[in-house]
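One structure follows; several queries about it will come next.
The values are calculated or read from the model by the stated rules, or taken from the named source; none is laboratory data. This structure is a prediction, so every number in the text was calculated from the model and none was measured. Every residue, glycine among them, receives a Cβ derived from its backbone with ideal geometry; neighbour counts consider all protein chains shown.
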Amino acid sequence: MSGREYLRTFKLYDIEEVRQHLLIAGDLSGDCAACRALGIDTYKAKSCPECGTPFQYLTSRRLESHAGERFQFARRMHEKRPDLILIDYVDYTKALGHKKARDFFA
Ligand SMILES: [Zn+2]
């Protein structure tokens, strides 16, 4: 559709809530962020086959490692999984790091 482009947005999330429902897409399959199960079908899985958590969010390391293709890749992921909210991988890992640091010093 012409005139439509992907823009990254900033929104406040509960990082633990995201982690519990996040599918991390790899090159061939995905991982569950909640239980670290591997080999999940990124394009089809509605929930984790190991821990059963329903997926609501999707991210991929490739958003960062292939920065030049980021928006093509985002479009492909969004077309395959319009049911999931696509979040930035680096944002996620940084936010998770902040949370771990807070938990450690709490
Ligand atoms: Zn899981």
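Regarding Tyr6, is this residue part of a loop (DSSP other than H, G, I, E, B) and at pLDDT 95 or above?
When the stated conditions are applied, Tyr6 does not pass them.
What pairs come out if I take residues in segment 27-54 that are at negative phi and polar (S, T, N, Q) and pair them with residues that are more than 12 Å from the ligand (Cβ to nearest atom) and not in a loop (DSSP other than H, G, I, E, B) whose C-beta lies under 7 Å away, six or more apart or interchain?
Thr42/Ala25
Here's another thing I want to ask about it. Away from the ligand (no atom under 15 Å from the Cβ), modelled with pLDDT under 95 and more than 22 Å from Lys99 (Cα to Cα): is that true of Asp27 in this structure?
Spelling it out, Asp27 is indeed away from the ligand (no atom under 15 Å from the Cβ), modelled with pLDDT under 95 and more than 22 Å from Lys99 (Cα to Cα).
If you go through segment 41-51, how many residues are of a type in the set (D, E, K, R) and either near the ligand (Cβ under 7 Å from one of its atoms) or more than 21 Å from Lys80 (Cα to Cα) (or both)?
1
Specify which of the listed residues (Leu38, Leu84, Leu22, Leu12) is over 12 Å from the mean Cα position of the chain (by Cα) and within 16 Å of the ligand (Cβ to nearest atom).
Going through Leu38, Leu84, Leu22, Leu12 in turn, just one is over 12 Å from the mean Cα position of the chain (by Cα) and within 16 Å of the ligand (Cβ to nearest atom): Leu38.
To continue, here is another question. Looking at segment 65-106, which of its residues are among the charged types (D, E, K, R), surrounded by fewer than 16 Cβ atoms within 10 Å (Cβ to Cβ), at pLDDT below 90 and under 15 Å from Tyr6 (Cβ atoms)?
Across segment 65-106, the qualifying residue is only Glu69.
Can you tell me how many residues in segment 1-40 are out of contact with any helix residue (DSSP H, G or I) (no Cβ under 9 Å at 6 or more places or on another chain), among the hydroxyl-bearing types (Ser, Thr, Tyr) and closer than 16 Å to Leu86 by Cβ?
Qualifying residue count, segment 1-40: 1.
Give Glu17, Glu64, Glu79 a once-over and let me know the one that is assigned to a helix (DSSP H, G or I), free of Cβ contacts under 8 Å to residues at least 40 places away in the same chain and within 16 Å of the ligand (Cβ to nearest atom).
Exactly one residue qualifies, and that residue is Glu17.
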